[in-house]
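A quick write-up on the structure given underneath.
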Number of protein chains: 2
Amino acid sequence: MTKHDPDLSLLFHALADATRRSILTRLAETPARVTDLAEPTGLRLPTVMRHLAVLEEAGLITTSKDGRIRTCAIVPEAMEPARTWMDEQRAIWEGRLDRLNAYVMTVMKERGE
Amino acid sequence: MTKHDPDLSLLFHALADATRRSILTRLAETPARVTDLAEPTGLRLPTVMRHLAVLEEAGLITTSKDGRIRTCAIVPEAMEPARTWMDEQRAIWEGRLDRLNAYVMTVMKERGE
């Protein structure tokens, strides 16, 4: 299931870059034009466009064009599968801790401690 | 801050692969030997070793060697920075929604609606 989830890989890959994360943080504040997003990065526009394409492919942003102006907006719910996956891992881990605790309690009881 | 956090990039990069995620899920259950981790993946041992190196570099697992047997264990708290970053994004986004709502309420009030 999770093992073969290509969307989750796309999602984590999109987040695995500091420039892309800073763009997302900016877009969480407000939608923005591509040129405005590029400015604080100090990167050339084609490089920023490639980062935006990765974010869009992962479903984290949408872009729309009005004449020559392209605007980007965040898709906040797109990050949820990543959060869900991490929650699942935590639940497995906590289940293991619970079983370990239960085991220790049983052993202590058997020993009359 | 977040923009220049190389650890966060390492972390998300490590999670951006289905094989590595499946290894983490397995290790959340219990520590395991490298050969046992390799078996269900159907991958060659050197390939699995490379995946394990990526997970270890990101701090998500630790490995230890006893004679010729290498065992891997998960570091469950290592995923927290990723979760914190996602929480921060959600907080920024929800702050924006709150401001939008407040603005709409103000406009409606001014219009006497």
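Looking at this structure, is A:Met108 closer than 30 Å to B:Glu29 by Cβ and without any contact (Cβ under 8 Å) to a residue 12 or more places away in the chain?
Considered against the rule, which asks whether it is closer than 30 Å to B:Glu29 by Cβ and without any contact (Cβ under 8 Å) to a residue 12 or more places away in the chain, A:Met108 comes out as yes.
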Out of everything in region B:27-45 that is polar (S, T, N, Q) and assigned to a helix (DSSP H, G or I), what residue ends up being farthest from A:Met86 (Cα to Cα)? B:Thr35
Among the candidates B:Ala16, B:Ala28, single out the residue that is surrounded by 15 or more Cβ atoms within 10 Å (Cβ to Cβ) and at pLDDT below 95. B:Ala28
Filter pass, B:Val104 being at pLDDT 95 or above and either on the phi > 0 side of the Ramachandran plot or more than 10 Å from chain A (Cβ to nearest Cβ) (or both): no
Which of the residues spanning region B:15-49 are aliphatic (A, V, I, L, M) and more than 8 Å from chain A (Cβ to nearest Cβ)? B:Ile23, B:Leu27, B:Ala32, B:Val34, B:Leu37, B:Ala38, B:Leu43, B:Leu45, B:Val48, B:Met49
Among the residues of region B:50-90, which ones are surrounded by 14 or more Cβ atoms within 10 Å (Cβ to Cβ), part of a strand (DSSP E or B) and within 13 Å of another protein chain (Cβ to nearest Cβ)? B:Ile61, B:Ile74
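The values are calculated or read from the model by the stated rules, or taken from the named source; none is laboratory data. Nothing here was measured: the structure is a model prediction, and the numbers come from that model. Using ideal geometry, Cβ is built from the backbone for each residue, glycine included, and neighbour counts are taken over all protein chains shown.
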